[in-house]
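Here's the structure we're looking at; comments come further down.
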């Protein structure tokens, strides 16, 4: 680790130069943050769980033709990914009202929306990642009309895939956020799903009990975050059913 060149460090991950041009190594930390990093903690095993779960989702998306930056898992905490230019927007897809939408619009949390709603947030921690309109995105040249069309298309496909795999294991996909990057191949570029998709970036509720299995457990002090993430990993089959959060889960090949 010490011999690698660090490219970027965020709240939950570190990016290092990859072994080949156009690649990076993405390292998952155990840091947990909420409320724009006002609440912080280090939770043993969180990075390992997020690495497993993001690998599972990204691999599945690649298999159905949704392009991502993911190449392969290297070890318990690291992935090999393609280097992309991140568009400075978070794309949020909401199936059920929760979190900031409930507060902002006065909609009771848990209300199923008439259709999936897609929102864009400008990535700037100092500003608190504010909600922005398509007009603002275009005016400030954060993305083009074509980019927005492609981003919405990717978000819808990710929502269909994620909703399906979660429903199959008794979990409701309430909402999620993704980041999207530009991958350059010569003079051509395409948009790909980047960053990670894990319980850090999704709201996941047990279908029968409504139990939260995502970062809201940490935000709202609802119990053990590793218990929640481990339950998701066990249900999806990427962690043995008899594994516990206190043991290092064996990653599936």
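Bear in mind that the values in this text are calculations on the coordinates, not laboratory data. Remember, it's a predicted structure, so these values are computed and weren't measured experimentally. Here Cβ is always computed from backbone atoms with ideal geometry, including for glycine, and neighbour counts include all displayed protein chains.
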_residue 31-residue 6 pseudo-label distance in nm [points 7 Å out on the Cα-to-Cβ vector]_ = 0.9 nm
*Given the C-alpha centroids of the stretch 159-222 and the stretch 7-45, what is the distance between them in whole angstrom?*
17 Å
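By counting other Cβ atoms within 10 Å of each Cβ, how are 207, 43 ranked from fewest to most?
On the way: 207 12, 43 17.
By the 10 Å Cβ count, ascending: 207, 43.
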*Separation in nanometres of the label points that stand 7 Å from Cα toward Cβ, at residue 41 and residue 103*: 1.9 nm
*Summing -39500 (n - 2.57) over the DSSP H runs of n ≥ 4 in the chain and dividing by its residue number, what mean residue ellipticity at 222 nm do you reach, to the nearest 500 deg cm²/dmol?*
-8500 deg cm²/dmol
*According to a simple spin-label model (label point 7 Å from Cα along Cα-to-Cβ), what is the distance in nm between residue 85 and residue 190?*
1.8 nm
*Ratio of Rg to Rh for the chain, alpha carbon only, Kirkwood?*
0.94
_With viscosity set to 1.002 mPa s at 20 °C, what whole-number translational diffusion coefficient in µm²/s follows for the stretch 1-74 from Stokes-Einstein and a Kirkwood radius over Cα pairs?_
156 µm²/s
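With a 10 Å Cβ neighbour count serving as the proxy for reagent exposure, in which order, fewest first, do 229, 121, 8 appear? The partial results should precede the final answer.
Details: 229 28, 121 18, 8 11.
Lowest to highest Cβ neighbour count: 8, 121, 229.
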*When 122, 184 are ordered from fewest to most other Cβ atoms inside 10 Å of their Cβ, what list results?*
184, 122
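Which of rounded, prolate, oblate describes the stretch 86-206, given a ≥ b ≥ c as roots of the alpha-carbon gyration tensor eigenvalues and a/c under 1.5 marking rounded, otherwise prolate only if a/b is larger than b/c?
Working: a/c = 2.06, a/b = 1.37, b/c = 1.51.
The shape class here is oblate.
Taking square-rooted eigenvalues a ≥ b ≥ c of the alpha carbon gyration tensor, is the stretch 26-145 rounded, prolate or oblate, where a/c under 1.5 means rounded and, failing that, a/b exceeding b/c means prolate? If you can, show how the numbers build up before the last one.
Values: a/c = 1.57, a/b = 1.33, b/c = 1.18.
It comes out prolate by the Cα gyration axes.
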